[in-house]
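Working notes, structure below.
The values are calculated or read from the model by the stated rules, or taken from the named source; none is laboratory data. All values derive from a computational prediction rather than experimental measurement. Heads up, the Cβs are rebuilt from the backbone with ideal geometry, glycines too, and the neighbour counts pull from every protein chain shown.
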Amino acid sequence: LFGVEGGAFILIVVVIGGLRWMQVARLVRAQFLSLREKEFVEAARALGASKLRLVVGHILPNAVGPVIVAGTIDVAAAIIAESTLSFLGLGFPSDIPTWGSVLRDAKDYLDIAPHWALFPGAAIFLAVITINFMGDGLRDALDPRRVL
């Protein structure tokens with residue numbers, strides 16, 4: 001991860017991450033602003049709970065579910081973005097194998113070896129769908145309103 005390849009890696013991570021963090025930050029802020037006006041927070045405040053106790057004990061457990069889902073969706077979107085950039089030749093250097101670069105190399109052989117494109121495409125699909133399902137499962141597991 002050092003040298004030219006390291007610079008390209010850091011640049012791509014910063015660009016993709018830099019374009020995706022704003023939606024999650026907006027969601028976190030909206031969740032906190034919405035939850036601080038709820039009755040259970042008002043009741044805890046009336047009982048004398050400190051601000052730290054309100055945030056950590058009452059607001060954060062209720063806000064974490066949607067944030068995890070948004071985060072996992074952003075991870076999946078980052079995988080797709082990197083694969084797209086590599087497929088177009090704008091991603092990592094050509095000597096670093098990525099799913100997008102494998103797809104780019106396989107596009108010339110679709111008529112004689114379609115499986116060269118099928119497997120990396122399926123890997124991208126499976127990775128993205130798995131990450132999305134993990135986010136949904138984590139949201140369900142961390143839901144404070146869930147009855148055991």
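Considered as a group, the residues in region 67-84 that are out of contact with any Phe, Trp or Tyr (no Cβ under 7 Å at 6 or more places or on another chain) and farther than 15 Å from Asn132 by Cα include one that is surrounded by the most Cβ atoms within 10 Å (Cβ to Cβ), and that residue is Glu82.
Taking the conditions (1) in a loop (DSSP other than H, G, I, E, B); (2) at negative phi in turn, Gly48 satisfies each one other than (2). Filtered by the rule that a residue be crowded, with 19+ Cβ neighbours inside 10 Å and β-branched (Val, Ile, Thr), region 50-66 gives a lone residue, Ile59. In the set Phe125, Phe87, only one residue is without any contact (Cβ under 8 Å) to a residue 60 or more places away in the chain and exposed (fewer than 15 other Cβ atoms within 10 Å of the Cβ); that residue is Phe125.
If the condition is being β-branched (Val, Ile, Thr) and more than 26 Å from Ala77 (Cα to Cα), then region 11-57 contributes Val41, Val55, Val56.
Just to be sure before I move on: is Ala8 in a helix (DSSP H, G or I), without any contact (Cβ under 8 Å) to a residue 60 or more places away in the chain and not β-branched (Val, Ile, Thr) in the structure I sent? Judged against the criteria, Ala8 is not a match.
Here Ile112 passes the criteria (1) of a type in the set (Val, Ile, Thr); (2) surrounded by 15 or more Cβ atoms within 10 Å (Cβ to Cβ); (3) at pLDDT 90 or above except the one numbered (2). Scanning region 128-148 for residues that are surrounded by 13 or more Cβ atoms within 10 Å (Cβ to Cβ) and under 26 Å from Phe9 (Cα atoms) turns up Val128, Ile131, Asn132, Met134, Gly135. All conditions in (1) loosely packed, with under 13 Cβ neighbours inside 10 Å; (2) acidic (Asp, Glu); (3) modelled with pLDDT of 90 or more hold for Asp95, with the sole exception of (3). Scanning for something under 30 Å from Ala117 (Cβ atoms), of a type in the set (Val, Ile, Thr) and surrounded by 15 or more Cβ atoms within 10 Å (Cβ to Cβ), does region 16-30 turn up at least one residue? Within region 16-30, one or more residues are under 30 Å from Ala117 (Cβ atoms), of a type in the set (Val, Ile, Thr) and surrounded by 15 or more Cβ atoms within 10 Å (Cβ to Cβ). Taking residues in region 33-57 that are of a type in the set (Ser, Thr, Tyr), and partners anywhere that are modelled with pLDDT under 90 and surrounded by 11 or more Cβ atoms within 10 Å (Cβ to Cβ), the pairs with Cβ atoms closer than 9 Å and at least 6 places apart or on different chains are Ser34/Ala63.
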